Ligand code: GAR
């Protein structure tokens, strides 16, 4: 078992929180290098908040709508909440708010995100619809470090799924989501253990083989 103290993780969500639950499950392993200390949301009604509270985790909601256009005031409060819980690593799990460079800078190298596409293809929204429209044969999910530009940042892990004849966006979303639940806990493990090292735009994972960080289903 590692003698390193576990990294304290904050998870931010906006919706149902299925990725968050996969992280919660993984973090139950005694030798997992991270512990989830708080789950926050910009939506007080996010289903995932209830699920986290039911699992006994501290939660908070900061309703971004109450801040109007003042993104920085929202982010300063968010940052304060995370600091209150002594968060070391910030994990975005379906957190659907754009973050300003100020916030990103506070968490530089310590904030990761999961995106439902094989970046740099299909950044932004409606990734499954767009993948079908473009006729790609493979699709998937990406875990990456967050930088100021949306859905851009050093890639830690990717999971690949086939696009099948007859797929609709919901079929594809479900296939990709299953992969997300596999790759996110592994990517967080690599980051929290310090094995994921960024060199320029590439992330090298110590002691890992490519097949361990690339999941093809
Ligand atoms: C996931 O598919 C995640 O990749 C996506 O939102 C979903 C959240 O589901 N994130 C984004 O689109 C971010 N750009 P979950 O709440 O069940 O984890």
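Relative to the present Cα-Cα distance, how much length would full extension add between residue 201 and residue 137 at 0.36 nm per residue of separation?
20.4 nm
Please work out how much length the chain gains when fully extended from residue 80 to residue 28, using 0.36 nm per residue of separation minus the C-alpha to C-alpha distance, in nm with one decimal.
Working it through step by step, the gained length comes to 16.1 nm.
Points 7 angstrom from Cα along the Cβ direction at residue 160 and residue 208: gap in nanometres?
My value for the distance between the label points is 1.6 nm.
Given a Förster radius of 25 Å and the C-beta distance between residue 4 and residue 100 as r, what FRET efficiency does 1/(1 + (r/R0)^6) yield to the nearest 0.05?
0.20
Picking from 40, 159, 135, which is most flexible by a Gaussian network model of the chain using Cα springs under 10 Å?
Checking each option, the largest mean-square fluctuation is seen for 135.
Quick one: if you stick a label point 7 Å off each Cα along the C-beta vector at residue 53 and residue 110, how many nm between them?
Using points 7 Å along Cα→Cβ, the separation is 2.8 nm.
Along Cα→Cβ, 7 Å out, is where each label goes; now give me the distance between the ones at residue 152 and residue 170 in nm to one decimal.
Label-label distance for residue 152 and residue 170, simple model: 3.6 nm.
Computed from the coordinates by the stated procedures, all read-outs in this text should not be read as laboratory data. As the structure is a prediction and not an experimental result, all values here were calculated from the model. Methodologically, a virtual Cβ is constructed for each residue, glycine included, from the backbone with ideal geometry; neighbour enumeration extends over all protein chains shown.
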